[in-house]
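Peer 1: This is the structure I want to talk about, given as structure tokens.
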């Protein structure tokens with residue numbers, strides 16, 4: 001595995017996931033702000049490693065595998081914590097997990113047929129809006145209630161929309177030939 005700058009940033013994001021969780025669960029005064037800072041830094045490494053990989057030709061097989069996995073693990077860790085804090089409904093987390101497993105499974109089927117399903121625009125919007133909503137939910141907690149509810153609706157709506165769009169656009173990968 002080439003240890004490019006992009007790959008190092010991906011590994012940093014993976015390392016920051018348990019740091020985020022320890023801080024989030026610790027409960028010391030101001031822990032939410034420290035957890036927010038860790039989450040934001042980890043989220044920004046996603047933007048930066050993708051830019052560096054493309055701009056400086058550091059795209060690698062490791063990066064293709066680890067980058068999306070690190071993103072999913074970071075978001076899922078934060079969402080699980082929010083469910084445990086009673087700031088998010090568990091069924092919304094279940095919908096997010098279902099979408100991720102379904103799209104990943106579809107991509108595996110596509111790869112077997114020699115096709116790569118690239119991330120679509122709606123998937124990028126889903127990821128960005130989910131990360132922003134997580135940040136808002138970390139900062140504000142369960143209050144104001146309307147903001148917490150709005151964030152859950154945005155996460156659910158972008159998740160469902162992008163998942164449906166992936167399947168509609170790529171349904172042909174399931175056709176037997």
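Peer 1: Using only Cα atoms, tell me the angle between helix 121-140 and the longest principal axis of the chain; keep it within 0 to 90° and round to the nearest 10.
Peer 2: 10
Peer 1: Next question, about the same structure. Mind giving me the nanometre distance, one decimal, between the label points for residue 12 and residue 59, set 7 Å out from Cα along Cα→Cβ?
Peer 2: About 2.3 nm separates the two model spin labels.
Peer 1: Where the convex hull is taken over the Cα atoms of region 1-43, what is its projected area averaged over directions, in nm²?
Peer 2: 2.9
Peer 1: What do you get for Rg/Rh over the chain if you use C-alpha atoms and the Kirkwood form of Rh?
Peer 2: Expressed as Rg/Rh, it is 0.99.
Peer 1: Got the relative contact order for the chain handy, in percent, Cα pairs under 8 Å and 6 or more residues apart?
Peer 2: Numbers: 158 pairs, mean separation 42.8, N = 177.
After rounding, I find 24 percent.
Peer 1: If you don't mind, there's one more thing I want to ask. Under Stokes-Einstein, with the Kirkwood radius over Cα pairs standing in for Rh, what whole-number D in µm²/s applies to region 126-173 at 20 °C and 1.002 mPa s?
Peer 2: Once the numbers are plugged in, D ends up at 185 µm²/s.
Peer 1: Something else about it: More than 24 angstrom separation, counting every C-alpha pair in region 1-91; what % is that? Provide the component values of the computation, followed by the final result.
Peer 2: Numbers: 1094 of 4095 pairs.
I get 27 percent for the Cα pairs in region 1-91 exceeding 24 Å.
Peer 1: Quote the FRET efficiency, to the nearest 0.05, computed for residue 154 versus residue 73 with a Förster distance R0 of 22 Å and r equal to the Cβ-Cβ distance.
Peer 2: So, using R0 = 22 Å, E works out to roughly 0.60.
Peer 1: Mind checking which of 113, 126, 72 has the largest fluctuation in a GNM of the chain, springs on alpha carbons under 10 Å?
Peer 2: 113
Peer 1: Return the whole-Å distance between the Cα centroid of region 122-152 and the Cα centroid of region 34-85.
Peer 2: Region 122-152 and region 34-85 have Cα centres spaced 17 Å from each other.
Peer 1: Calculate how steeply helix 5-26 sits against the longest principal axis of the alpha-carbon atoms of the chain, using the helix alpha-carbon long axis, and give the answer as 0 to 90 degrees to the nearest 10.
Peer 2: Between helix and principal axis, roughly 30 degrees.
Peer 1: Compute the acute angle (0 to 90°) between the alpha-carbon long axis of helix 61-84 and the principal axis of greatest extent of the alpha-carbon atoms of the chain; round to the nearest 10°.
Peer 2: Rounded to the nearest ten degrees, it is 30.
Peer 1: So the label point goes 7 Å from the Cα of residue 85 along Cα→C-beta, right? Which residues of region 106-134 then have their backbone N under 11 Å from it?
Peer 2: Taking a point 7 Å out along Cα→Cβ of residue 85, the residues of region 106-134 whose backbone N falls under 11 Å are 134.
Peer 1: Please report, largest first and rounded to whole Å, the three semi-axes of the ellipsoid equivalent to region 86-177, where each semi-axis is the square root of five times an eigenvalue of the C-alpha gyration tensor. Walk me through the numbers on the way to the answer.
Peer 2: Values: eigenvalues 194, 26, 18 Å².
Semi-axes from the Cα gyration tensor: 31, 11, 9 Å.
No value in this document is a laboratory result; all are computed from the given coordinates. Just so it is clear, the structure is predicted and the values come from calculations on it, not from any experiment. Because the Cβ atoms are built from the backbone with ideal geometry, glycine has one as well, and the counts that use them run over all protein chains shown.
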